[in-house]
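> Below you will find the structure I want to go over with you.
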There are 2 protein chains.
Amino acid sequence: MSNGKERAYFQIPPGMKDWLPGEAEKKRRLENVLADLFSVWGYREVITPAIEYLEVLTAGHNQEEMMYKFFDHQGRALALRPDMTTPIARLAATRLKQEPLPLRLFYLAGVFGQEDPQKGRQREYHQAGVELIGSGSGAAVAEVLALAVEALRACGLKEFTLSAGHVGVFNGLVDWLGLPPEARQELREAVQARNFVAVELILNRYAGSQKEAALTILRLRGGREILPRLKELAAGEAMEATVAELEEIFSFLAGYGVEDYITLDLGLLRGLGYYTGLVFEGFSPALGYPILGGGSYGHLLGRFGWPQPAVGFALGLERVLLALEREQPRRSGEGKIVYVGYAPGREKEAIALALRLREEGKRTVLAVAAEEKAVAEEQARRRRGELVYLG
Amino acid sequence: MSNGKERAYFQIPPGMKDWLPGEAEKKRRLENVLADLFSVWGYREVITPAIEYLEVLTAGHNQEEMMYKFFDHQGRALALRPDMTTPIARLAATRLKQEPLPLRLFYLAGVFGQEDPQKGRQREYHQAGVELIGSGSGAAVAEVLALAVEALRACGLKEFTLSAGHVGVFNGLVDWLGLPPEARQELREAVQARNFVAVELILNRYAGSQKEAALTILRLRGGREILPRLKELAAGEAMEATVAELEEIFSFLAGYGVEDYITLDLGLLRGLGYYTGLVFEGFSPALGYPILGGGSYGHLLGRFGWPQPAVGFALGLERVLLALEREQPRRSGEGKIVYVGYAPGREKEAIALALRLREEGKRTVLAVAAEEKAVAEEQARRRRGELVYLG
C-alpha cells in the first residue's frame, strides 16, 4: 500500500468535519438553547429524512448540480437534502394541512451540498431554523425576523446585524425601468453577486435617464427612514405596495424592540430561487459571510399542491460557533470531571462512590483497573480533573 | 401528470420517516437525557460526518451491499455511514491517540442502510451509543454493560432485559468440537439466526458424541450460576479463559447493582463482524427485536493503524420510542401553549405581552393578525392552548 493510499484511507472527504470532544458539546448546547427559544415562541420541532426523492428536492431548490445524488436498489433517483425549507414544505403540504394555521415549525438538521471546499465551505453543515406557513402578513414576517434576532442573541453573540431587502424592490425597479427579460436576469445576477461594476454596465445599456435613480436604490441602506426616499426615487404601483409592506413590517419590529439590529439594504437578493418577498441575512463582524439567511416565499408550498404564503430563516451552526469562537477565543466546551482511582481490593467501593457522584450530577470517570496513587494522579491531571483516590 | 406520478412526487422513499410535531420533541428529550447520562459517566460527545470514503466504512462494517453508495464530483467512492462504531474508530485512531486512555466517547447520530423496509426496518435510523477505547478489562466491559442498563432505565422503560453472550464461547466450542472451517461458518450463521433446527443438523454431521453437550451450551441461559456448568460441559483452555473473563465481568456488575437485568445467553452472537469478546442485546417485552446492541471489539482500531481493545453499545432511538409508546400509549409529546389574540389597534401590547410570557418560559403563540374574540377562542381551542385576548 502506498503512502498516499494509506493517508486517504484514514481521511474524511473534503468539506466534511469531525467534531472532537468539547466541540460537539458546544454544538449540542447551542442546539438546545435554540430549540428552547423556538419552542417558547410556539414553534414545534419536525424532522425530515436526510434522503428524499430527487424530484421533491428539485421542486424547491434550484441547484441540482450541487446535490449528492444516487439510486436505491430499485433504481429510484434519490438525493441528500441541500436545505430544509423544501422538505418542510413537502411535509407541511402532505401531513399538516389539517392543523390550525399558521403552522409554526422548527428544525435542527444537517444538510449537504457539493460546494467548493476550498472556499471554506462545508459539504455537510448543520442548520437551525423556523418556517411559519400559512400567513404572509406583516405581523408574521416581523415575528420571524424578530425571532431571527432573538436566535442570534440567544446563541451568545455580542455583535451582529441583520440586513433586509425585498424581492419586490428589484421587481418594481425593473418594471419601472422597462427592462427586457434577458436584461432582468443579467441584472439580477449582478445584484445578487453585489457586483456594482456589472450593475452599472447593464444600467448604462438599458436604463437611460433613470440610471442614477436605479443605482441609488440598489445602494440604499439604512433604517425605515429610507422608505420615503425609495418612493420618491421610483414610482409605480408595485413599488408602492412593496414600500407599504416594508412600512408595516417595520412598525411591528419596533414593537419587538429589535429595529436597531436591522438595516434595510435594498440591493439585497438571495439565491435560492423560492423567495418572493422580504429577504434577510445575518452577519457577525467576525466573519465575511452570512451566518443566517431567510425570507418570505410565496410559491413553494403550491408546488406541493397547497398554495400558502410562508416565511422562515435558517442559521448555520458551524458559522455561529466560529463567530462565537472568534468573539471569545478561550471559552471552554466541557465541564470539569472527577477521576476516581483505587487500590487493589477497593473495586466495589470505587464503583459505589462513582455511582454516588454521578447521582449528584458530577461528571465522573472511574478507573478501569486498580492502580497506584501516582498513576491515578497522572490520569486525573491529564484529564484536567479532580482526583478521588481510594487507597 | 398521472395520479401515480403525483403521489410519488409528494412521498418520501420507503424506510424513511417524517417526525411530526410532538414526535420530534420526544426524540430530542430522549437524546438529551442520554447525553446527560453519558456525560455524567465521563463520556464525551463526538460527531462524525454522515458521508465517508467507502473504504473507511468497509474496513469495519461487513455489509457493503446495504450501504447507500455514490461518487463525488471528483469520482471518489463515498457512502452514508451504516453504523457509528467504524467512523468513531477512525476518528479515535486519527485524532485522539494522544488523549489519556481509555477514551470514553458517545454519539447521537443518524445511520443509513438499505434494509428491507417491509420488515419494519427504517433505512435511516437514529442511534445513541458509547465507545470505550483503550481497555478490554473486566471493569471496562462491566462499566459499558452497566451504562447500557442505566441508559435504558433513563429512557423511562419500565421493563427490559439484556442478554449477554461471548464470542469466546462459540470459538471455544468449535475448537473443542474440532469442526472443519466450512462447518464453523455454517454453524456460526445458524447460531446467529437462532435456527436450532439447522444447528442440530450441523452438529449431527460433525459433533459426534459431543453433540448433546454442544446443544446444551448453545441453549444455556441464566445468571452467573451457569458459568460453572459451562466449564463442566466443555473443557479446553480457550473456554476456561472465557469463563474466567465472564466471572470477572459479573463480579463488577454486582458492584453496579445491575446483575438482575442481565441474562447470560451463551448462544448469542451478533452479526457486525467486528466483535471479539462479550456481546449483548437489550430487549423490551413490547417489541420482537433488540432495542440495543453492543460488545467488545479487539481488532477494529488496528485496521486504522492503532491496535486497541474497545467496547461499546448503541441503542436505537426509534425502537426505544416505540417501546415507550407501547408501555405508556397516552404520554403527550408537547408542552401546553398560551395563545395571545388581539383586537385591531392592540398589536403592540400583544407583542409586549407575548415577549413577557416567553421570558417566563411559557410557550406562547401570538396571532399574526388582529381577530375577533370568537376567532381567537377557536384558534386557542384547536391548539389545545390557553387563550389570552386583548380586546
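The values are calculated or read from the model by the stated rules, or taken from the named source; none is laboratory data. Not measured: the values here are computed from a predicted model. Every residue, glycine among them, receives a Cβ derived from its backbone with ideal geometry; neighbour counts consider all protein chains shown. With ligands, DNA and RNA removed, areas are computed over all heavy atoms of the protein, side chains included. Shrake-Rupley method; radii C 1.70, N 1.55, O 1.52, S 1.80 Å.
> Give region B:291-308 a look and list any residue that's in contact with a helix residue (DSSP H, G or I) (Cβ under 8 Å, 6 or more places away or on another chain), in a loop (DSSP other than H, G, I, E, B) and open to solvent by 10 Å² or more (accessible area, probe 1.4 Å), or say none.
Selection gives B:GLY305, B:TRP306, B:PRO307, B:GLN308.
> Can you tell me which condition B:ARG356 does not meet? The list is (1) in contact with a Gly (Cβ under 9 Å, 6 or more places away or on another chain); (2) part of a helix (DSSP H, G or I), and all the others hold.
(1)
> Report, by residue number, each residue of region A:341-365 that is more than 8 Å from chain B (Cβ to nearest Cβ) and farther than 25 Å from B:GLY136 by Cα.
A:GLU359, A:GLU360
> Of all residues in region A:65-99, which are touching a residue at least 60 places away in the same chain (Cβ under 8 Å), open to solvent by 10 Å² or more (accessible area, probe 1.4 Å) and in contact with a helix residue (DSSP H, G or I) (Cβ under 7 Å, 6 or more places away or on another chain)?
Across region A:65-99, the qualifying residue is only A:THR94.
> Can you name every residue in region B:196-221 that is within 28 Å of the chain's Cα centre (by Cα), open to solvent by 70 Å² or more (accessible area, probe 1.4 Å) and of a type in the set (Val, Ile, Thr)?
none
> Restricting the first residue to region A:262-277 and requiring it to be within 17 Å of A:LEU162 (Cα to Cα), which pairs with a second residue that is hydroxyl-bearing (Ser, Thr, Tyr) and in a loop (DSSP other than H, G, I, E, B) meet a Cβ separation below 9 Å and a spacing of at least six or different chains?
From region A:262-277, the pairs are A:LEU269/A:TYR275.
> Here's another thing I want to ask about it. For residues that are within 25 Å of B:GLN122 (Cα to Cα), open to solvent by 20 Å² or more (accessible area, probe 1.4 Å) and among the hydrophobic types (A, V, I, L, M, F, W, C), tally how many sit in region A:28-64.
2
> Another one. Under 6 Å between Cβ atoms, at least 6 apart or on separate chains: pull out the pairs that start in region A:241-256 with a residue that is farther than 13 Å from A:VAL169 by Cα and end on any residue that is not in a helix (DSSP H, G or I).
Cβ pairs passing all conditions: A:PHE250/A:ARG224.
> Okay, next question. Working only within region B:248-274, note down all residues that are more than 14 Å from every other protein chain (Cβ to nearest Cβ) and under 28 Å from A:LEU355 (Cα atoms).
If the condition is that a residue be more than 14 Å from every other protein chain (Cβ to nearest Cβ) and under 28 Å from A:LEU355 (Cα atoms), then B:ASP260, B:TYR261, B:ILE262, B:THR263, B:LEU264, B:ASP265 are the ones that fit.
> State which residue is nearest to A:CYS155 (Cα to Cα) when the search covers only region A:35-61 and only residues that are among the polar types (S, T, N, Q) and under 18 Å from the mean Cα position of the chain (by Cα).
Once the filter is applied, the top-ranked residue is A:SER39.
> Looking only at region B:378-391, count how many residues are within 44 Å of the chain's Cα centre (by Cα) and either within 11 Å of another protein chain (Cβ to nearest Cβ) or outside any strand (DSSP E or B) (or both).
Residues that pass the stated criteria total 8.
> Going through region A:107-125 one residue at a time, which ones are within 9 Å of another protein chain (Cβ to nearest Cβ) and part of a strand (DSSP E or B)?
A:TYR107, A:LEU108, A:GLY110, A:PHE112, A:GLU124
> Working carefully through the options A:VAL338, A:VAL368, find the one that is within 25 Å of B:ALA151 (Cα to Cα), touching a helix residue (DSSP H, G or I) at 6+ places or on another chain (Cβ under 6 Å), in a loop (DSSP other than H, G, I, E, B) and within 14 Å of chain B (Cβ to nearest Cβ).
Working: A:VAL338 fails: in a loop (DSSP other than H, G, I, E, B).
The unique qualifying residue is A:VAL368.
> Just to verify a result, which residue in region A:222-235, among those that are surrounded by 14 or more Cβ atoms within 10 Å (Cβ to Cβ) and touching a residue at least 24 places away in the same chain (Cβ under 8 Å), is farthest from the other protein chains (Cβ to nearest Cβ)?
By that ranking, first place goes to A:ALA234.
> For region A:141-190, how many residues meet the condition of being under 19 Å from the mean Cα position of the chain (by Cα) and in a helix (DSSP H, G or I)?
Of the residues in region A:141-190, 14 are under 19 Å from the mean Cα position of the chain (by Cα) and in a helix (DSSP H, G or I).
> When residues of region B:263-289 are filtered for being modelled with pLDDT of 95 or more and under 14 Å from the mean Cα position of the chain (by Cα), how many remain?
Counting residues in region B:263-289 that are modelled with pLDDT of 95 or more and under 14 Å from the mean Cα position of the chain (by Cα) gives 6.
> In region B:312-322, is there at least one residue being in contact (Cβ under 8 Å) with a residue 12 or more places away in the chain, in contact with a helix residue (DSSP H, G or I) (Cβ under 8 Å, 6 or more places away or on another chain), part of a strand (DSSP E or B) and not aliphatic (A, V, I, L, M)?
Yes, region B:312-322 contains at least one residue that is in contact (Cβ under 8 Å) with a residue 12 or more places away in the chain, in contact with a helix residue (DSSP H, G or I) (Cβ under 8 Å, 6 or more places away or on another chain), part of a strand (DSSP E or B) and not aliphatic (A, V, I, L, M).
> Hey, does region A:17-26 have a residue that's closer than 30 Å to B:GLY305 by Cα, crowded, with 21+ Cβ neighbours inside 10 Å, of a type in the set (A, V, I, L, M, F, W, C) and in contact with a Lys or Arg (Cβ under 9 Å, 6 or more places away or on another chain)?
Yes, some residue in region A:17-26 is closer than 30 Å to B:GLY305 by Cα, crowded, with 21+ Cβ neighbours inside 10 Å, of a type in the set (A, V, I, L, M, F, W, C) and in contact with a Lys or Arg (Cβ under 9 Å, 6 or more places away or on another chain).
> Take B:ALA193 and tell me if it is closer than 30 Å to A:GLU347 by Cα and either of a type outside the set (Ser, Thr, Tyr) or open to solvent by 60 Å² or more (accessible area, probe 1.4 Å) (or both).
It is false that B:ALA193 is closer than 30 Å to A:GLU347 by Cα and either of a type outside the set (Ser, Thr, Tyr) or open to solvent by 60 Å² or more (accessible area, probe 1.4 Å) (or both).
> Could we say that A:ARG330 is free of Cβ contacts under 8 Å to residues at least 40 places away in the same chain and of a type outside the set (Gly, Ala, Ser) here?
Details: free of Cβ contacts under 8 Å to residues at least 40 places away in the same chain: yes; of a type outside the set (Gly, Ala, Ser): yes.
Criteria met by A:ARG330.
> Can you pull out every residue in region B:197-211 that is modelled with pLDDT of 90 or more and out of contact with any Leu (no Cβ under 6 Å at 6 or more places or on another chain)?
Those that are modelled with pLDDT of 90 or more and out of contact with any Leu (no Cβ under 6 Å at 6 or more places or on another chain): B:VAL197, B:ALA198, B:VAL199, B:GLU200, B:LEU201, B:LEU203, B:ASN204, B:ARG205.
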